[in-house]
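Contents: one structure, followed by commentary.
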Amino acid sequence: METGGIEIPFLILLLLIPLIGAVVTAVMSKKPKRAKNVALLFSGITLAVTLMYGYLLSAASTVYSDSESYAWVDTEYLRISFDMGVDGMSILMILLTAALVFIVTIFSRYESDRPNTFFALILAMEVGLMGVYMAQDYFLFYIFWEVTLIPMYFLISGWGGPRRHYAAIKFFIYTHVASLIMLIGIFMMVFEASAGGTLDFTFAAVKEASIAGIFSPVMQTALFGLLFLGFAAKMPIVPFHTWLPDAHVEAPTAGSVLLAAVMLKMGSYGIIRICLDIFPDGAVSWQPALIVIALVSIVYGAYACIAQKDLKKMVAFSSISHMGMVLLGIALLTELGIQFAIFQMFAHGLITSVLFMVCGVAGHNAGTREIPLLGGLAGRMPLFAAFMMFGFLASLGLPGLVGFVAEFGIIFAFFEYLQTTPELLWIIVFALASLLLTAGYYTWAMQRTIFGKETTKIDIEKVHDVSRTEVLALTALCAMIAIFGLMPSLILEVIQTMPLPMGVF
Amino acid sequence: MIPLLAFVVVGFFGNKFKGGGTAIAVLSAVAAFALSGVVSYAYLTGDLYSTSQPYVASIKWLAFGSYELNFGIYIDSLTCVMMLFSSFISMLIFVYSIGYMGGEGKKKRRYYAEISLFLAGMLGLVLSSNFLEMFIFWEIMGVCSYLLIGFWSYKHPEGDEASMKAASAAKKAFLVTRLGDVCFMAGLFVLLWTFTSLDFTVVFDAANIASAETGMVILGALLLFGGVIGKSAQFPLQDWLPDAMAGPTTVSALIHAATMVKAGVYLIARSYPLFIQNADVMLLVAIIGAVTAFIAATMALNNMNIKRVLAYSTISQLGYMVMALGAGGYLIAMEMQHGVPTAGILATVGFTAGVFHMMNHAFFKALLFMGAGSVIHATGTEDMRKMGGLSKKMRKTSWTMLIGCLSIAGFPLFSGFWSKDMILEATMEPSIAGLAAGDIFLFLFALAAITAFLTAFYMFRMWFMTFHGKPKDESIHCHGESPKSMTIPLIILSIFALGSGFLIFFGLGDIITFNVSGSGAYYFGGDGHTPAHIFDAIVTNIWTYVTMGLALIGILLAYLMYARSLINPARFNANGRSRVYRFLNARYFFPELYDQIALKLGFGVAKGIDYLDKNLIDGTVNGISNAVVGGSGALRKIQTGHVRDYVSLIALGVIAIMAILALLVFSGGI
């Protein structure tokens, strides 16, 4: 964008800075300490640039929209361009990505096993995530989508738990297959849109075709389905979720945080950005199914949480439940539904990061994450207990914190939507019941881990509280959760500037 | 009206500076009370009060679609009464805590931070200008109570068993009230959708209510009442409150007298304009209240734990308040809905009585809990069987407790007498007026009268067992009277427990009802609350003497059984086989029922889903992958983690893409 008469290519910068950071960090195998600092520096610069960009955008106009375009392949038969752009939704996700990568880098300072590669992978992942959220060309979108996959795969298989290879390969194959299905969808869509002319992969071209009515209703339904399948596995939505708990349980904390907080959002982002925007008729025909599977995900995820013995697995399942909320908001195809779904994406990103960090602390400071082995930890780990409680309360939707606004908005949107069919009003009970179940598994988990009798099943003398860098990272996140919970309009007003997808009425 | 902003800030004061501990928390409570006084004085002497207008100030919080949510302050005389008594009592509890929690060491900081936030939550709730804001503070209180009930949930002074219990009680309190909260939240959806705003000024506007869909208004009121049932421990969600006794006694006093459970009753009083839209809703409210009052009183009859007896009495008294609001509202609703004329003045009695009793109850229940705390502090036990003869060693505590007992039992001239009598009168009224549900109300009146008798009995049973006779257990060593920081609040409160009832003769009735939207006076413009009128109504009413007599018989019976031992209490439970006795002790088997529901609906289903997940869904996934790769042997080979394998997998993907592309190209005819 242009500022003060100078044209600054912010979007390309946001890709290049972490990329350079990744390369620089990767080669520093001899100086592990310096590698950590370099990674911190680069993620810090990225965050600073992102914040500046966001500020300039908000100062420049009221709509947070910007784009950059670079020609790439431009022939008579094929056009793929390096198109990037942002709107109210993208800018939020980009901000979230930059902030979380920075916080995760602070949090992971304890990492002593090949730190240069570890942090390089995190920065590489940032490149991919940024790319996905700003791509305006389907080819580009797909490339970045796949780019995120590889660093995550290596993070899990290189720094994970005992079953890391199984989890990593499962994660890879599962999401890769989903990506391929999505790719088929993208190709079919672009071929159809080009209607024998130039194969144009840009978002703009396909959108134009969609407005022109090139996609027949049947075609829309089919393409919506293909793309949705790819996105749903990423979110993940029951029954395509089983890679997630395994991946989380084995992944290192930094990996889990980025996976749950930003990577899962790629799925819902894709649904809003592509499925709803290009295939409004397809969205309508899929709507009942979407609502049903969203509700199933919400309740199923919550129930599965109750049964878990591993703290981290429980948090992983809670992500399924909360991403189900996102899908519910999207599936309503109403203005409020979409807006609060995006709000929930943002809120869940912040909250779930706290939760996974807390699980990470339990793992390496108490020695285990198995709930039956823990108990009475609040005595020896008061800070840990405080963060855990804050995270859990935020996640169960305590008013005054950011999660509440999101859940309130989505369920209210659902209520509003159901007013068109009052005889179905009762199904809102499922959404409400999940609030109760969520409170149930969190308070039960707290009762068994931080309260009650001090455990004798682990070596209690070795237990130590949260370290200083971890406190820093967790405090930053908790502060954001509280600030955006008390002043949700800061976020919501950005979301409201986004042009609504075509599928929304 | 400028102090308002400062007031809200002060509410959060103690929390922000929690490092400072005791002094700051106590000072913030004093400041909160002082500011409540200033604000109330400014409002009650201002123009707004004399013209029946609330003071409202708010800012926009969140806007979406056509809906707008605000954040602000709403003050009418009900607000003034509520914030005065809750901040006053909280202040005394804070002072009392200096002595009671003195030995907690480092945990004091946490304690004072949490009770400060608790008070802030209550004051915020009372001052809220809309339902959402109220809900936020409502939940903040819920969390504070969770933390405080579980205050000893680790490293309990009485050992690990007790800390497990505290942790479990805290969870139960949170979850049971959460069930109510979810109803409340659903109520918010209904109201927000109906009125596009949750501001009291909009929702209570008669024109808006009239143009809204009646069904929606009723549904909204019912769902709000669901929240009340959870928070104010009404039947059938009453069961968390006795368990909540696991926290420090000061916390019980705070929850029972000044804050949390009163929030539910306040919510009914506040949303009266919605509730009175339908007589049946009000009938339901009254029935729930009466049933709660009765069953909780019976549960208190044979309990041996001094704090639990008080907990049951709280539930029972809350039932009274809810019943009064229901009965009064029923009259108003009948008049508005069906045009059945009721004496306008009488219709206001229910509302006045409910709020009046809430205030009186706050004084005497805080007194009783703090007295019990003083006893526990001195003896180190909560079991009344081990107490006895304490009046000699703890004169101040025993006298102040006696005043509290007389007050709650409704002994003439004590504060509980006036408000309880008004409640009974209000319950009787629909029957006297010959309304449709008159017979039901007659039955409720009977329940309430029996409850009055039971209350007098179990309260004096407690007093005699604790203070009268000889020490029963020599192993319990009494340290003697508690420190001044504990006895002075007791003495102050006993003055109020004795005298707050007389306030009704000095215009309190007017203050409570005069300009509170929804109360009878607001609609019918009744100003008959002259002291002479009220006094006349009470003295000339035969039922006054009936309930008075019942209370006296209750006290006498307790005296005979536990002081003079003329009737042996053990006879009622010969050989421990009495079914009734066991039934009461098991709290009507409610805890059992809850546990079963939680186990079956919660854990049972969860186990099932977990099994399904591991075997069916994940099994299918693994099965497919095995089939694709060609048996488990091949899969294991892949999992060995050679880069070569992944490369070949990706290559496989690329080939698949090529194939599809080719297919598309040929079939598409490009």
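Every read-out reported here was derived from the displayed coordinates using simple, explicitly stated rules and does not represent laboratory data. All figures in this text were calculated on a predicted structure; none of them were measured in a lab. All Cβ positions, glycine included, derive from the backbone under ideal geometry; neighbour counts span all protein chains shown.
Rounded to the nearest Hz, the phi-derived 3J(HN,Hα) couplings of the range A:114-125 under the Karplus curve 6.51 cos²θ - 1.76 cosθ + 1.60 (θ = phi - 60°) are 6, x, 4, 5, 4, 6, 4, 5, 4, 5, 4, 5, where x marks glycine and proline. The shape of the range A:109-202 comes out oblate: with a ≥ b ≥ c from the C-alpha gyration tensor, a/c is at least 1.5 while a/b does not beat b/c.
Couplings for the range B:94-100, taken from phi via the Karplus curve 6.51 cos²θ - 1.76 cosθ + 1.60 with θ = phi - 60°, read 4, 4, 4, 4, 3, x, 5 Hz in order; Gly and Pro are left as x.
Would you tell me the mean number of C-beta atoms belonging to other protein chains that fall within 10 Å of each C-beta in A:440-452, as a whole number? Walk me through the intermediate numbers first.
Numbers: counts 9, 3, 2, 11, 7, 1, 7, 11, 3, 0, 4, 12, 12.
Mean partner shielding for this stretch: 6.
For a straight C-alpha distance cut-off of 15 angstrom, the aspartates and glutamates reachable from B:LYS420 (same-chain residues fewer than eight places away being disregarded) are B:GLU429. If the cut-off is a Cα-Cα distance under 18 Å, which aspartates and glutamates reach B:LYS393, setting aside same-chain residues fewer than 8 apart in sequence? Result set, ordered by chain and number: B:GLU382, B:ASP383, B:ASP473, B:GLU474, B:GLU481.
Given Cα pairs under 8 Å that are at least 6 residues apart, what percent is the relative contact order of chain A? It would help to have the intermediate numbers written out before the result.
Numbers: 870 pairs, mean separation 76.8, N = 505.
Contact order relative to length: 15 percent.
Quick one: order B:ASP383, B:ASP421, A:ASP281 by neighbouring beta-carbon count within 10 Å, fewest to most. Please list the in-between numbers first.
Details: B:ASP383 15, B:ASP421 23, A:ASP281 19.
The order, fewest Cβ neighbours first, is B:ASP383, A:ASP281, B:ASP421.
In sequence order, the range B:451-457 has phi-based couplings of 4, 4, 4, 4, 4, 4, 5 Hz under the Karplus curve 6.51 cos²θ - 1.76 cosθ + 1.60, θ = phi - 60°, and Gly or Pro positions carry x.
Between A:VAL49 and A:LEU490, how high is the FRET efficiency from 1/(1 + (r/R0)^6) when r is the Cβ-Cβ distance and R₀ = 25 Å? Nearest 0.05.
Details: r = 20 Å, r/R0 = 0.81.
The computed FRET efficiency comes out at 0.80.
Proximity of backbone amide H atoms, modeled 1.01 Å from N, is registered between B:THR381 and no other residue at under 5 Å, excluding neighbours fewer than 5 places apart on the same chain.
Please state, as a whole number in µm²/s, the translational diffusion coefficient that the Stokes-Einstein equation yields for the range A:296-406 at 20 °C and 1.002 mPa s, with Rh defined as the Kirkwood radius across alpha carbon pairs. Show your work: numbers first, answer last.
Numbers: Rh = 14.6 Å.
Approximately 146 µm²/s, per Stokes-Einstein.
Look at the Cα gyration tensor of chain A: its axes a ≥ b ≥ c give a/c of at least 1.5 with a/b at or below b/c, and that counts as oblate. A Förster radius of 25 Å, combined with the Cβ-Cβ distance separating A:TRP72 from A:ILE20, puts the computed FRET efficiency at roughly 0.75. Between B:ASP205 and B:PHE502, the contour length at 0.36 nm per residue exceeds the alpha carbon distance by 103.6 nm. For the pair A:ALA386 and A:LEU436, the difference between a 0.36 nm per residue extended length and the Cα-Cα distance amounts to 15.8 nm. Treating r as the C-beta distance of B:SER485 and B:LEU442 and R0 as 41 Å, the FRET efficiency rounds to 0.25.
Database remark: amide H of A:ASP66 closer than 5 angstrom to the amide H of A:VAL86 (H placed geometrically; neighbours at sequence offset of 5 or more, or on other chains; Pro and chain starts carry no H).
Partner shielding of A:486-493 amounts to 3, given as the average count of beta-carbon atoms from other chains within 10 Å of each residue beta-carbon. Close amide-amide hydrogen proximity is noted between A:ASP310 and A:ILE371, each under 5 Å apart and 5 or more residues distant or on a separate chain (H modeled in the peptide plane; Pro and chain starts excluded).
Across peptide A:183-195, the average count of Cβ atoms from other chains found within 10 Å of a residue's Cβ is 3.
Pairs of lysine residues in chain A that meet both criteria, 8 or more places apart or on different chains and Cα atoms under 20 Å apart, total 13. Tell me, how many Å apart are the Cα centres for the range B:284-329 and for the range A:473-499? Going from one Cα centre to the other spans 43 Å.
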